[in-house]
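Data first, discussion second: the structure below is written as structure tokens.
The values are calculated or read from the model by the stated rules, or taken from the named source; none is laboratory data. Just so we're clear, the structure is a prediction, and the values are computed from it rather than from any experiment. All Cβ positions, even for glycine, are placed from backbone atoms using ideal geometry, and neighbour counts span all protein chains on display. Heavy atoms of the whole protein, side chains included, go into the accessibility calculation; ligands, DNA and RNA do not. Shrake-Rupley method; radii C 1.70, N 1.55, O 1.52, S 1.80 Å.
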Amino acid sequence: AELKTDYTEGLEKVNVIPQDIGRVILNLIANAFYVVHKKKKQIGDGFEPTVSVSTKRVADKVLISVKDNGNGIPQKVLDKIFQPFFTTKPTGQGTGLGLSMSYDIVKAHGGELKVETKEGEGTTFFLLLPV
């Protein structure tokens, strides 16, 4: 899979616990690589699995986005992704931080964790943290 990055230079520092927010970002990126790998196995040649990570300033917040070109999240699953212990991964593969914990960590930092998805096309997670 290809990892594309677009980081805005000179962003203000954000008051966070680096290890916690780092784990959240790592979780989002790991999930993105998981879904693009899964789609590549389904489609095969002709599909280029891509994960994009970007940062930018939006009003009084820093926006970190993690985007994939996987299969997207079905609506019935989308309603549950931030619930504790929910996973779509097979037994033994869902050993990461989880979106529920990620959501709680971001909230504890005064931020927001949002998602936009389109079935068949991909998903973008948006992590907004106050400057």
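For LEU26, LEU128, the ranking by accessible surface with the largest value first comes to LEU26, LEU128, using a 1.4 Å probe.
Given axes a ≥ b ≥ c from the Cα gyration tensor, I'd like to know whether the range 1-103 is rounded (a/c under 1.5), prolate (a/b larger than b/c) or oblate.
Details: a/c = 2.11, a/b = 1.32, b/c = 1.60.
Oblate.
Where is the GNM fluctuation largest for the chain (alpha-carbon springs, 10 angstrom cutoff): GLN83, GLN93, GLN75? Maximum fluctuation in the GNM of the chain, among the listed residues, is at GLN93. In this structure the chain gives 62 Å² per residue of accessible area when probed at 1.4 Å with all protein chains present.
Name the GluC sites (Glu not before Pro) in the range 1-91 that are in a loop by DSSP and that have at most 13 other C-beta atoms within 10 Å, would you?
Working: sites: GLU2, GLU9, GLU12; in loops: GLU9, GLU12.
When the GluC sites (Glu not before Pro) of the range 1-91 are filtered for loop state and at most 13 Cβ neighbours within 10 Å, GLU9, GLU12 remain.
Rolling a 1.4 Å probe over the protein heavy atoms leaves ARG23 with an accessible area of roughly 120 Å². Pairs over the 31 Å Cα-Cα cut-off, from the set LYS41/LYS61; LYS4/LYS76; LYS38/LYS114; LYS41/LYS118; LYS13/LYS89: LYS41/LYS61; LYS13/LYS89.
Could you grab the relative contact order for the chain? Cα pairs under 8 Å, six or more apart, rounded to a whole percent. Provide the component values of the computation, followed by the final result.
Working: 228 pairs, mean separation 39.0, N = 131.
Across the chain, relative contact order equals 30 percent.
Quick check: the angle from helix 18-43's long axis to the longest principal axis of the chain, C-alpha only, nearest 10 degrees? In the chain, helix 18-43 runs at an angle near 20 degrees to the longest axis. Against the criterion of solvent-accessible heavy-atom surface with a 1.4 angstrom probe, LEU28, LEU78, LEU3 sort, most first, into LEU3, LEU78, LEU28.
Apolar share of the accessible surface for the range 13-80: 57 percent from carbon plus sulfur atoms, 1.4 Å probe. Can you send over the solvent-accessible area of PHE126, 1.4 Å probe, protein chains only, in Å² to the nearest 10? Ignoring ligands and nucleic acids, PHE126 comes out at about 50 Å².
Using helices alone, what [θ] at 222 nm do you get for the chain, with -39,500 (n - 2.57) per DSSP H run of 4 or more residues, divided over all residues and rounded to the nearest 500? Intermediate values should be presented prior to the final figure.
Values: 3 runs with 40 residues, N = 131.
Dividing the helical sum by the residues of the chain leaves -9500 deg cm²/dmol.
Compared with the dominant Cα axis of the chain, that is its longest principal axis, helix 99-108 is turned about 10°.
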